[in-house]
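Heads up, the thing below is written out as structure tokens.
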Amino acid sequence: MTADIPSLVEFRHDLHRHPELGFDESRTKAKVAAVLRYLGLEVHEGVGVVGVLKSGMGNRAIGLRADMDALPIREQSSHNYVSNNPGVMHACGHDGHTSMLLGAATTLANDPNFDGTVVFIFQPNEELGLGAQAMINEGFLENFPIDEVYAIHNLPGAPLGQVSTRDGLICSSESIFEITISGQGGHASMPQKGRDAITIGAELVSALQTIVSRKLAPGAGAVVSVTEFLTDGQRNVLPGSATLKGDARARSPKDRQDIEKYMRQIAKGIATMHGVSVAVDFNTEFIETINAADPTKGLINTAQSMGLETIPNRDPMSFSEDFAHFAAAVPGCFMLLGNGETGAHGQPLHANDYDFNDDLLPIGRDLWVNLVRERLPKVDR
């Protein structure tokens, strides 16, 4: 593989044809590791794949992260490289993220015009928010100490190559909740004999909406969504139990903690009022992604020096990213890179007809390369 455009496109299309779900990225990992070894990098395979490239005598190190996993989606695209794995698809562009970073590794290995160490991080299972923490738990930060860490995510609907980011919060947290109501079932014709869990659950669904509308500050950007309502009722059977499942997003740790607190208070209060028991499970899958000031400024300067359209203080994204775990441990910057505005390139992330834009591959590659050379400048000795 070389860094020229046809090779990057071919590599990306191969990954797109063979998507793999989180923690099952065995083929993808093997291909990535093979390229890095061919380039002469120091390669470490574990939960993910890490490539280390050193140049000069500098003692600073930066990490560049790409995610590798796909989604459980049946592809409905019309191009000639559709998924060969039924029900699994690269619908978030991780095939492109991986290819861009490999292109950067190729360029830098062939022309290491920098001084220091670059750690190329190929991470599994971003979609479920488990991959970054798994690499950290495996000892990534101890084995590969880095001073800064960066990640790129493509952004459909934004002009091709537009760079947008911000200092501070860039992506929301995501918490998954499950509320179980245990009442008393009974005959549909005699509701007074039981404690109907579906009526209590409906009241709870409505009450949960007051967390954002009445308990958090206006403009907090939080979201509480009940997405599933399950019961054991039948046509003429009142349910004795009901389960509500859902998703909560927050833009600050305090708001996230308050959402959980108020959810438990509301559930307990409604349960007490109706004489039933309730259990609340609240699990944060993704913490908030917080960009550090200096890496963010450096990324913006690099993008502007390349002549790329740059939005240095974009609005925070409502989606979540498990790059947050790296950025919580090391000063970092998460950036969005425009994927184009039309056709499959403008379709939303996770749509079954979305596609990463091949024209973005050289832009992302060169952005990585220039960032490395500006953050680890070569020093004449």
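The values are calculated or read from the model by the stated rules, or taken from the named source; none is laboratory data. Source: prediction; values computed, not measured. With ideal geometry, Cβ positions are generated from the backbone for all residues, glycine too; neighbour counts draw on all protein chains shown.
Kindly establish whether Arg195 is surrounded by fewer than 24 Cβ atoms within 10 Å (Cβ to Cβ) and modelled with pLDDT of 95 or more. So Arg195 fails the test. Residue selection: Ala33 fails the criterion of being crowded, with 20+ Cβ neighbours inside 10 Å, of a type in the set (Gly, Ala, Ser) and within 15 Å of Ala105 (Cβ to Cβ). I need a count of the residues in segment 228-258 that are free of Cβ contacts under 8 Å to residues at least 60 places away in the same chain, more than 22 Å from Val276 (Cα to Cα) and either of a type in the set (S, T, N, Q) or touching a Phe, Trp or Tyr at 6+ places or on another chain (Cβ under 7 Å) (or both). Residues meeting the conditions: 1. Ser175 falls short on exactly one of the conditions (1) small (Gly, Ala, Ser); (2) part of a strand (DSSP E or B); (3) under 27 Å from Gly340 (Cβ atoms), and that condition is (3). Yes or no: segment 322-331 includes at least one residue that is at pLDDT 95 or above, in contact with a His (Cβ under 9 Å, 6 or more places away or on another chain) and not aliphatic (A, V, I, L, M). The answer is yes; a qualifying residue exists. In segment 91-144, the qualifying residues are those that are among the aliphatic types (A, V, I, L, M) and not in a helix (DSSP H, G or I), and the one that is nearest to Lys378 (Cα to Cα) is Val118.
The single residue among Gly269, Gly246, Gly219 that is in a strand (DSSP E or B) and of a type in the set (Gly, Ala, Ser) turns out to be Gly246.
For segment 233-243, the criterion of being part of a strand (DSSP E or B) and loosely packed, with under 15 Cβ neighbours inside 10 Å is satisfied by at least one residue. The criterion of being surrounded by 17 or more Cβ atoms within 10 Å (Cβ to Cβ), at positive phi and modelled with pLDDT under 95 holds for Gly221.
Quick one: which residue in His350, His325 is buried (at least 19 other Cβ atoms within 10 Å of the Cβ) and either without any contact (Cβ under 8 Å) to a residue 60 or more places away in the chain or not aromatic (Phe, Trp, Tyr) (or both)? From the options His350, His325, the qualifying one is His325.
Considering only residues that are small (Gly, Ala, Ser) and farther than 19 Å from Asn125 by Cα, look in segment 328-347 and name the one that is surrounded by the most Cβ atoms within 10 Å (Cβ to Cβ). Checking each candidate, the answer is Gly332.
Hey, can you tell me all the residues within segment 244-277 that are within 27 Å of the chain's Cα centre (by Cα) and of a type in the set (Ser, Thr, Tyr)? Scanning segment 244-277 gives Ser252, Tyr262.
For segment 308-345, a tally of residues being of a type in the set (Gly, Ala, Ser) and under 18 Å from Arg12 (Cβ atoms) returns 4.
Of all residues in segment 344-381, those satisfying the criterion of being under 20 Å from Ser83 (Cα atoms) and not in a loop (DSSP other than H, G, I, E, B) are Ala344, His345, Gly346, Leu361.
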